[in-house]
Amino acid sequence: EAQVTQNPRYLITVTGKKLTVTCSQNMNHEYMSWYRQDPGLGLRQIYYSMNVEVTDKGDVPEGYKVSRKEKRNFPLILESPSPNQTSLYFCASWMNTEAFFGQGTRLTVV
Amino acid sequence: DQQVKQNSPSLSVQEGRISILNCDYTNSMFDYFLWYKKYPAEGPTFLISISSIKDKNEDGRFTVFLNKSAKHLSLHIVPSQPGDSAVYFCAARNDNYGQNFVFGPGTRLSVLP
């Protein structure tokens, strides 16, 4: 089954404690991206990747890092999380047209 | 500056009637447009798309219309059903920008029984 898998689904952490949200896709897609969804702001792109070792900033990259060492994985790293990064995060992958999304990770930073 | 706009944050429609969700864009380089549907606690799922060379695409109860001169697209749902209640995101792709997608802020549709 074609899917994008994110882990964890829910995470509560404290300010400053480094965390990683994993994302994996099984469709051999070249493109992958991270979005955050906040009320009234829709899906804002954090980072995206066009292929292995090729990443670029989206609209809201501050406070985030990503890496794309393998085609299937695209982890999102928060080196020093802050409360304003409390949000719902989605990973997506695509080849040409339709993007497939993961189930989401709800992150709370206290 | 938002390149994809959905000016109605919410919309309520009676079951059986038509739902019309609107989307405006500013970048004339967008070549492909999509609509996604999102239920609570789930990721967005693809609904329907349209290429910039077409002005209409239909799939069952869902039809997307594209007016390139007005930089406007709309999603029509006929007839609306309570299961259509969700947040709908409009998205656009610029093939000259690494096939990246830009999403609108979403419209929450409520279909009332």
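Key figures for this structure:
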{"quantity": "Where A:I12, B:I50, A:I77, B:I20 fall by accessible area, highest first, once all protein chains stay in place (1.4 Å)", "calculated": "A:I12, B:I20, A:I77, B:I50"}
{"quantity": "Options B:I20, B:L75, B:A41, ranked by Cα towards positive dipole end of chain B, top entry (Cβ charges)", "calculated": "B:I20"}
{"quantity": "Derived scalar couplings ³J(HN,Hα) [the stretch B:13-19; Karplus, 6.51 cos²θ - 1.76 cosθ + 1.60; whole Hz; x for Gly, Pro]", "calculated": "9, 7, 3, x, 8, 8, 9"}
{"quantity": "Residue-count net charge about B:R108 - beta-carbon cut-off 12 Å; Lys, Arg +1, Asp, Glu -1", "calculated": "+1"}
{"quantity": "Violating pairs (Cα-Cα greater than 19 angstrom) within the set B:K38/B:K68; B:K5/B:K38; B:K5/B:K68; B:K5/B:K37; A:K57/B:K5", "calculated": "B:K38/B:K68; A:K57/B:K5"}
{"quantity": "Shape parameters for chain B, alpha-carbon atoms, Rg then Dmax in Å", "calculated": "13.5, 44"}
{"quantity": "Compactness relative to 2.2 N^0.38 Å, alpha carbon Rg of the stretch A:48-101", "calculated": "1.20"}
{"quantity": "Probe 1.4 Å, all protein chains present, accessible-area order of B:S12, A:S33, largest first", "calculated": "B:S12, A:S33"}
{"quantity": "More than 30 angstrom apart: percent of Cα pairs within the protein assembly as shown", "calculated": "23 percent"}
{"quantity": "Residue of B:A92, B:A41, B:A70 that the Gaussian network model of chain B assigns the largest fluctuation, springs spanning Cα pairs under 10 Å", "calculated": "B:A41"}
{"quantity": "Set of aspartates and glutamates near A:K18 by C-alpha distance (under 15 Å), chain-local residues within fewer than 8 positions excluded", "calculated": "A:E62, A:E79"}
{"quantity": "Gaussian network model of chain B, Cα within-10 Å springs - most flexible of B:L73, B:L11, B:L34", "calculated": "B:L11"}
{"quantity": "GNM flexibility winner over chain A from A:G40, A:G16, A:G63 (Cα, springs under 10 Å)", "calculated": "A:G40"}
{"quantity": "Long-range tail of P(r) for the stretch B:58-112 (Cα pairs > 12 Å, %)", "calculated": "73 percent"}
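The values are calculated or read from the model by the stated rules, or taken from the named source; none is laboratory data. As the structure is a prediction and not an experimental result, all values here were calculated from the model. Note that we place each Cβ from the backbone using ideal geometry, even for glycine, and neighbour counts take in every protein chain shown. Keep in mind that these areas ignore ligands, DNA and RNA; they rest on the heavy atoms of the full protein, side chains included. Shrake-Rupley method; radii C 1.70, N 1.55, O 1.52, S 1.80 Å.
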